[in-house]
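Trainee: Structure provided below as structure tokens; questions to follow.
Bear in mind these aren't lab numbers, they're just calculated from the coordinates by the rules spelled out. Owing to the predicted nature of the structure, the values given are computational and were not obtained by experimental measurement. Backbone-built Cβ (ideal geometry, glycine too); neighbour counts: all protein chains shown.
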Ligand code: FES
């Protein structure tokens, strides 16, 4: 899946992500700035917070209870509609292409 990470400075990282790989894992592996993934993808740290662009929200998996809790602990404010944990969104699950905005801070 094609995944675009938009940064506040206007830069964009575009990755080709294998099915089953999370946005967080793909970002960390490829050195995308602003995605930390401290807990390794357990929905326990919120340092993989992303804002999904509205046109890609449809079809994404529901927010689990664990994700819901962590979304209350993000460094940058949660956006009720667009905030997700990057570790809980996996390529091939609900999208062929997705664009997200990377928060200014994660810690
Ligand atoms: Fe920790 Fe996603 S990597 S919550």
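Trainee: If you average 1/r over every pair of different alpha-carbon atoms in the range 2-101 and take one over that average, what Kirkwood value in Å do you get? It would help to have the intermediate numbers written out before the result.
Mentor: Working: mean 1/r = 0.0757 Å⁻¹.
About 13.2 Å for the range 2-101.
Trainee: Can you give the Rg/Rh ratio of the range 1-51, where Rg is from the C-alpha atoms and Rh is the Kirkwood radius? Before the final figure, lay out each step's value.
Mentor: Numbers: Rg = 10.6 Å, Rh = 11.3 Å.
Ratio of gyration radius to Kirkwood radius for the range 1-51: 0.94.
Trainee: Among the DSSP beta bridges whose two residues both lie in the chain, what percent are antiparallel, rounded to the nearest 5?
Mentor: Working: 11 of 16 bridges.
Expressed as a percentage, antiparallel bridges in the chain total about 70.
Trainee: Tell me the label-point distance for the pair residue 30, residue 79, using the 7 Å Cα-to-Cβ offset, in nm and rounded to one decimal.
Mentor: For the pair residue 30/residue 79, the computed spacing is 2.0 nm.
Trainee: Once the Cβ-Cβ distance between residue 53 and residue 107 is put in as r, and R0 is 22 Å, what FRET efficiency do you end up with, to the nearest 0.05? Please report the intermediate quantities before stating the final value.
Mentor: On the way: r = 23 Å, r/R0 = 1.06.
About 0.40, to the nearest 0.05.
Trainee: Kindly provide the helix-only [θ] at 222 nm of the chain, computed as the sum of -39,500 (n - 2.57) over DSSP H runs of four or more divided by all residues, to the nearest 500 deg cm²/dmol?
Mentor: Numbers: 2 runs with 13 residues, N = 107.
So the calculated ellipticity at 222 nm is -3000 deg cm²/dmol.
Trainee: Next question, about the same structure. Using the number of other C-beta atoms within 10 angstrom as an exposure proxy, rank 21, 29 with the fewest first.
Mentor: 29, 21
Trainee: If I take R0 = 30 Å and measure r between the Cβ atoms of residue 65 and residue 12 in this structure, what FRET efficiency does the formula 1/(1 + (r/R0)^6) give, to the nearest 0.05? Don't skip to the answer; put the middle values down first.
Mentor: Numbers: r = 32 Å, r/R0 = 1.08.
Calculated value: 0.40.
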